[in-house]
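Enquirer: Got a structure here, written out as structure tokens. Questions coming.
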């Protein structure tokens, strides 16, 4: 089928952030173009204008579209007939809001890294701006892009697991065991700095992913939350470990545990879900297996593309035969792919669903900020149960 | 070396419980004799005298030592020159106290199933009786008998993991997903009946094991506890799911999650421990591997008997070369083995350590009952943090 | 049920070998009594009379039944009314024949370690003696005792896998990487000494197990064999590595690879079997899982006792609920258990099946010796395909 | 660093094959551009001119560079100032030679799928043409691109494993269990058709990969080979199962087993290597782990990017922190990346190594064809040992 039919051309991507030394900007650049559905053609790659321009060659971005600032970029791209179709925001948390707002208000679609904003107030304001604008707005809770995560979501929403009683989400890392931030490690520095990361450290960076994964798979609506955050690396300013308990509206109990201080652990995002009819588990470090269990039956391992027992979602998110592993970039690209579908539809004048989307969206971004806000507040109140419900949450 | 040197004979074992249809009694019988250090020679195998006597042939127990009641057994054995050296109590929870008390007061060593008693008050009273008597008293927190659990304990107590910051213990089962108790399944019936099981269901049966495992491995002293129990099988009288949070005196945070309602899960007791210098994990369903991790080093898999990198404890608890798996019975037998060592010493007139033992003892039994008591109380108070410290806990 | 009904008593076990420093003798002693169906009451524990008698106390064998030689034991036991019901032969390979012959001819049941004899001629002679005597004779290809090995066998014989096309058996160890035999390590010394071990080293010790496992599971009749043996530890007298190819009568192709020189490998006996309808795999280091696969279906993990999807054999060979692992000793005890069933039947005057038995028997022992003979011969002829069929093989 | 410094621009890629319904062409297109180092700008996407042109829109290839044939493409591209820097040949085996020859002789760099040609004679001729031309010529033995495969190679060539004694390579699939070729499944049809696939089926398609993987990791030079091929799907024209034994010049023994008929197996390429100092294993279905073992030490799991214990090769082939899995496309892209390095060097006038390259090259392609030739010949001669050495093999 022609690329991005009926648009029949690659989408034009702009990148914000991603300058020399960056990590997540390079991921966006790779994931965005992985399926030949987009080309990276412009960027404001750093908040430092000189560095921004110097970094353009790394991505083969032409010099005239290598901008020194977001402001400059919006102005210049706005005037081009071949302006970018969307921008990817891959900068530290505290800058997301202003950048996203600027592009959204100028009518550009946006793919924003998570957590969506610096605080909840910004998130709620951004939501209003996005709703008003009608642009496609995705938040890269990238783990939702794994084929078997989507398979799990499809099964649960279909009722294959029955009523959901319990979720156990964990995201366990070890790289911040020591105070790397004191050694000027760039990735560590901004993540542990409250003026850049916001009120949460570990729970903002990865706890949100763990929470979002369960929410995405199950569709359960949260009701109350109790948080217990810890700082184990002496002298650190933000949490580096913790557990939250979530009570869902249907009576289910969720636990969300996140760690940055577990020696040798890499990116061990792991979830188990118990339903009345079946249970399942999935692990991002081994993402091409989904284990499904029912009492009295053999344990079953579903593979990404393993056959007709799978629903439509898993196959649609796969590019290769099962056994040829697909991984992080492909999942990230699947979030892009779902957003591309919406952009192409919108560009073709079709109506586009904005709330109940396959990709995580601005509503999920708001819920993520509420999660952070209430976990931190509860933890300060000795784990008191606080309300955890946002009127704008997707049902 | 001669059997039980310097005693130079097998120990004589009596079994309480284990009659037709029983599960754990058969386990005690098998584990007790596994190493040819004991012989099962007497028993009161059921609270029903006729059934007790009828069951004796199943164990090849001679008719004259197949007793119709505990009372009868104590009286008769007490008079024999070849009286049993110890009894194993493998009956439902609510009967442990009376049985154990009777044998302890008569001077018999006791190996008691867990939870040790019906409630905390009984546990504290039993502790006094045991202290007064001087008998060897073990509680079968059997998972402590796995060689690699002992290896983990040895490493942590040696400081190989540094200061312990976090423990995550889980015991996940699925067999009580539906109300088997309503179908007269014997194992389910007493476990879900408050008059037999006590105030906790899942947390009494397996949550205690999960807590005990972390406590045994780390030696951390608990300070406060917050519990969140659920009943997911409609109509059930006791918890079948829950999570507890434990604050340890050194500032560490522990989580204990137990489930009986997770479809297809068998006996998945799983623990992860994070220290400042290293982290480890162990899983009972794959008990011959202990995974040890340090940042910047390969993940390491220690095997039960794998070589000189192990401490003394693991090898001492193994019977076979690594790669030939040892499992549940062997671990259970290791708890017996450590208690046998004490019994032989005592019988030989040596002084015997009673608090800081390799086998779980009456002090651990008391702490287990306190755990149950406070988890249930906290859960009723919406998860309030309650004190969790017993003056008799081992240090 | 009463022990060994209708015999209603424990069987009396005699142990040959197992003296101080032994490995496999202790295994037989433990496995033999594991289920309380037998008691170890007599033995000739070493070929050195003094050591034999000195070792008796290690097993709590009474002094008057601790014999200095096999000859002495046969004579003395033969006269006792409570004579042993069977003897277990746990001595080096070159002594099996004489010992087994002696006991069989005296009418005792025998459980013999493998390989059954020193060479094929002895095996064939022993078979005749056993056939003539009518005793129960088992060979401890102990891996056949694992519940899920029996499940695999049951499934294949039932046709669940369709026609079998291919088997891949591997037994990979590393402990003989260096010439331990040059360091007087006892276990290494006899295994690498042609005068004790026979014509094969690695292939006699573990290659036979790997071959037998596939044979036991599939029931396929072998036709031709091609062998390729290597000695990698310089100066060693017998093979320590190799691969054999087996052509079965039905056209299937089998591979059998065994190694004693693979660093860090423990007892990795691993088998894969491909049928026209399904495929399966099993690994002894993780024996409580059997993986079954069919195109277009999820991979399935069968657990030892996991539910009604299992056949009768697995459950009958299990003692514990699934998830509580059972392992090497329990499997070994299952071979004993099947032989005990036959002994009890025979003692009760019932007719006993001797060829198509659940336990490996003298016919399998002969086939094992033929396997060794032909692999070694083929290897000397540069891997030429040689006949591999014995008229006495079980069908 | 600027893209492809000092060339400072993306390379221009042409694709041969990959038209509608193709599999491997899409893989080349994705892998080729994954790192933003190349752009797909031209192609002859099918041997059917109409289909070739119709498929161009799927890749956003402009109509004027969508060629109806290879001949047309060479002619047209040859005249353009912005002509393609390289072409990727992703067509059935029997067409590789003519296509590759045409482009090489016209001075274009080529990346060719495997097996390199239809038969050995073609391979040897192509080698001469490539040598004469001086172009960069890579063969996509894509599994060599996995970071931990390169780590294994680096370790072995450094001597960390000591002398290599044994390799065991397996590539196990199940998708051709039934005769899909009879159902007009396109992927199955050409692979099982001797006029398109060549003399081998399974061994040409995946056996070559399994052999190449061991060869790449160890650098061992082969000396003799014995092959045993089978056809298990009735009526199939080419082998779908088999085992080959390889004797290496240093005395090592290799086994290569490949299957297309193992139910439920996906792309299970698995290798174990035994050295005198250490052993290792790697599995493509779980490619981010390399297990390294030494007697007396814990088993060690190396992860892709896990730390300073790794050599330079693994890190250089990784894009993400460890724990974020990278997989098939990234490995494939790593083969491209190494070839790109050579193309950039060459375009910049530097001398380029053509034999001892990081990417598999035309010499490896020739050795692969010799492997196929001799396995098939040996199999026809009942597994006779045949010479397996090519004078052009890389040392």
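Enquirer: May I ask you to say which residue of D:311, D:264, D:296 is over 25 Å from residue D:29 (Cα atoms) and free of Cβ contacts under 8 Å to residues at least 60 places away in the same chain?
Expert: Sole residue among the options that is over 25 Å from residue D:29 (Cα atoms) and free of Cβ contacts under 8 Å to residues at least 60 places away in the same chain: D:296.
Enquirer: Within the stretch D:164-178, identify whether any single residue is outside any loop (DSSP other than H, G, I, E, B) and away from chain C (no Cβ under 14 Å), and answer yes or no.
Expert: No; the residues of the stretch D:164-178 include none that is outside any loop (DSSP other than H, G, I, E, B) and away from chain C (no Cβ under 14 Å).
Enquirer: Return a yes/no flag: does the stretch C:1-11 have any residue that is within 12 Å of residue C:61 (Cβ to Cβ) and either touching a helix residue (DSSP H, G or I) at 6+ places or on another chain (Cβ under 8 Å) or touching a residue at least 12 places away in the same chain (Cβ under 8 Å) (or both).
Expert: The initial filter retains those residues of the stretch C:1-11 that are within 12 Å of residue C:61 (Cβ to Cβ), namely none.
No, because not a single residue in the stretch C:1-11 is within 12 Å of residue C:61 (Cβ to Cβ) and either touching a helix residue (DSSP H, G or I) at 6+ places or on another chain (Cβ under 8 Å) or touching a residue at least 12 places away in the same chain (Cβ under 8 Å) (or both).
Enquirer: To continue, here is another question. Would you call residue C:47 within 22 Å of residue C:189 (Cα to Cα) and more than 17 Å from the chain's Cα centre (by Cα)?
Expert: Values: within 22 Å of residue C:189 (Cα to Cα): yes; more than 17 Å from the chain's Cα centre (by Cα): yes.
Yes; evaluated as a whole, the condition is true for this residue.
Enquirer: (1) over 20 Å from the mean Cα position of the chain (by Cα); (2) at pLDDT below 95; (3) away from every other protein chain (no Cβ under 14 Å): which one isn't true of residue C:190, the others all being true?
Expert: Status for residue C:190: all satisfied but (1).
Enquirer: Tally up the residues in the stretch C:131-148 that are in a helix (DSSP H, G or I) and surrounded by fewer than 23 Cβ atoms within 10 Å (Cβ to Cβ), please.
Expert: To start, the set of residues in the stretch C:131-148 that are in a helix (DSSP H, G or I) comprises C:131-133, C:142-145, C:147-148.
Of the ones still in play, those that are also surrounded by fewer than 23 Cβ atoms within 10 Å (Cβ to Cβ) are C:131-133.
Of the residues in that region, 3 qualify.
Enquirer: Of all the residues that make up the stretch A:71-104, how many are over 22 Å from the mean Cα position of the chain (by Cα) and closer than 30 Å to residue A:193 by Cβ?
Expert: Final tally of qualifying residues: 4.
Enquirer: I need the full set of residues from the stretch B:75-94 which are crowded, with 22+ Cβ neighbours inside 10 Å and part of a loop (DSSP other than H, G, I, E, B), in order please.
Expert: Selection gives B:84, B:85, B:91.
Enquirer: Moving on to the next point. Out of (1) under 25 Å from the mean Cα position of the chain (by Cα); (2) touching a residue at least 24 places away in the same chain (Cβ under 8 Å); (3) more than 25 Å from residue A:145 (Cα to Cα), the odd one out for residue A:230 is which?
Expert: Condition not satisfied by residue A:230: (2).
Enquirer: Could you tell me whether any residue of the stretch B:276-285 is out of contact with any helix residue (DSSP H, G or I) (no Cβ under 8 Å at 6 or more places or on another chain), crowded, with 24+ Cβ neighbours inside 10 Å and either within 21 Å of residue B:370 (Cβ to Cβ) or at the interface with another protein chain (Cβ under 10 Å from one of its Cβ atoms) (or both)?
Expert: For the stretch B:276-285, residues out of contact with any helix residue (DSSP H, G or I) (no Cβ under 8 Å at 6 or more places or on another chain), crowded, with 24+ Cβ neighbours inside 10 Å and either within 21 Å of residue B:370 (Cβ to Cβ) or at the interface with another protein chain (Cβ under 10 Å from one of its Cβ atoms) (or both): present.
Enquirer: Return yes or no: is residue B:61 out of contact with any helix residue (DSSP H, G or I) (no Cβ under 8 Å at 6 or more places or on another chain) and buried (at least 18 other Cβ atoms within 10 Å of the Cβ)?
Expert: Values: out of contact with any helix residue (DSSP H, G or I) (no Cβ under 8 Å at 6 or more places or on another chain): yes; buried (at least 18 other Cβ atoms within 10 Å of the Cβ): yes.
For residue B:61, the condition - out of contact with any helix residue (DSSP H, G or I) (no Cβ under 8 Å at 6 or more places or on another chain) and buried (at least 18 other Cβ atoms within 10 Å of the Cβ) - is met.
Enquirer: Can you tell me which residue within the stretch B:324-370, out of those that are more than 15 Å from residue B:144 (Cβ to Cβ) and assigned by TED's automatic domain parsing to the domain that holds residue B:218, is surrounded by the fewest Cβ atoms within 10 Å (Cβ to Cβ)?
Expert: Filtering the stretch B:324-370 for residues that are more than 15 Å from residue B:144 (Cβ to Cβ) and assigned by TED's automatic domain parsing to the domain that holds residue B:218, the one surrounded by the fewest Cβ atoms within 10 Å (Cβ to Cβ) comes out as B:370.
Enquirer: Sticking with this one: Just to be sure before I move on: is residue C:265 within 11 Å of another protein chain (Cβ to nearest Cβ), under 27 Å from residue C:150 (Cβ atoms) and in a loop (DSSP other than H, G, I, E, B) in the structure I sent? Working first, answer last.
Expert: On the way: within 11 Å of another protein chain (Cβ to nearest Cβ): yes; under 27 Å from residue C:150 (Cβ atoms): yes; in a loop (DSSP other than H, G, I, E, B): yes.
Criteria met by residue C:265.
Enquirer: Can you name every residue in the stretch A:216-250 that is closer than 15 Å to residue A:165 by Cα, in contact with a helix residue (DSSP H, G or I) (Cβ under 7 Å, 6 or more places away or on another chain) and buried (at least 24 other Cβ atoms within 10 Å of the Cβ)?
Expert: A:217
Enquirer: In the stretch B:20-29, which residues are buried (at least 24 other Cβ atoms within 10 Å of the Cβ) and either facing another protein chain (nearest Cβ under 10 Å) or within 15 Å of residue B:190 (Cβ to Cβ) (or both)?
Expert: Within the stretch B:20-29, B:25, B:29 qualify.
Enquirer: Within the stretch A:149-163, which residues are within 14 Å of another protein chain (Cβ to nearest Cβ) and either part of a helix (DSSP H, G or I) or within 27 Å of residue A:374 (Cβ to Cβ) (or both)?
Expert: Across the stretch A:149-163, the qualifying residues are A:149, A:151, A:152, A:155, A:156, A:161, A:163.
Enquirer: Identify, from the list A:32, A:43, the residue that is touching a strand residue (DSSP E or B) at 6+ places or on another chain (Cβ under 8 Å), within 11 Å of chain D (Cβ to nearest Cβ) and modelled with pLDDT of 95 or more.
Expert: Matching residue, one of A:32, A:43: A:32.
Enquirer: Would you pick out the residues in the stretch C:305-357 that are part of a helix (DSSP H, G or I), within 14 Å of another protein chain (Cβ to nearest Cβ) and out of contact with any strand residue (DSSP E or B) (no Cβ under 7 Å at 6 or more places or on another chain)?
Expert: Of everything in the stretch C:305-357, those that are part of a helix (DSSP H, G or I), within 14 Å of another protein chain (Cβ to nearest Cβ) and out of contact with any strand residue (DSSP E or B) (no Cβ under 7 Å at 6 or more places or on another chain) turn out to be C:314, C:315, C:328, C:329, C:330, C:331, C:332, C:333, C:334, C:337, C:344.
Enquirer: If you don't mind, another one. Based on what the data block shows, is residue B:238 more than 11 Å from chain C (Cβ to nearest Cβ), modelled with pLDDT of 95 or more and more than 20 Å from residue B:191 (Cα to Cα)?
Expert: Numbers: more than 11 Å from chain C (Cβ to nearest Cβ): yes; modelled with pLDDT of 95 or more: yes; more than 20 Å from residue B:191 (Cα to Cα): no.
No: the conditions fail for residue B:238.
Enquirer: Taking the stated definitions as given, is residue C:64 modelled with pLDDT under 95 and either more than 30 Å from residue C:188 (Cβ to Cβ) or part of a helix (DSSP H, G or I) (or both)? Working first, answer last.
Expert: Values: modelled with pLDDT under 95: no; either more than 30 Å from residue C:188 (Cβ to Cβ) or part of a helix (DSSP H, G or I) (or both): yes.
Criteria not met by residue C:64.
Enquirer: Follow-up. Residue D:392 - would you say it is free of Cβ contacts under 8 Å to residues at least 12 places away in the same chain and not assigned by TED's automatic domain parsing to the domain that holds residue D:118?
Expert: Values: free of Cβ contacts under 8 Å to residues at least 12 places away in the same chain: no; not assigned by TED's automatic domain parsing to the domain that holds residue D:118: yes.
No: the conditions fail for residue D:392.
Enquirer: Checking residue C:293 against (1) more than 14 Å from chain B (Cβ to nearest Cβ); (2) at positive phi: exactly one of these is not met. Which one?
Expert: All conditions pass for residue C:293, except number (2).
Enquirer: Another question, if that's okay. Would you mind stating whether residue A:271 is touching a strand residue (DSSP E or B) at 6+ places or on another chain (Cβ under 6 Å), part of a loop (DSSP other than H, G, I, E, B) and surrounded by 23 or more Cβ atoms within 10 Å (Cβ to Cβ)?
Expert: Details: touching a strand residue (DSSP E or B) at 6+ places or on another chain (Cβ under 6 Å): yes; part of a loop (DSSP other than H, G, I, E, B): no; surrounded by 23 or more Cβ atoms within 10 Å (Cβ to Cβ): yes.
Considered against the rule, which asks whether it is touching a strand residue (DSSP E or B) at 6+ places or on another chain (Cβ under 6 Å), part of a loop (DSSP other than H, G, I, E, B) and surrounded by 23 or more Cβ atoms within 10 Å (Cβ to Cβ), residue A:271 comes out as no.
The values are calculated or read from the model by the stated rules, or taken from the named source; none is laboratory data. Note that this is a predicted model, so its numbers are computed, not measured. Glycine also receives a Cβ, built like all others from the backbone with ideal geometry; neighbour counts cover every protein chain displayed.
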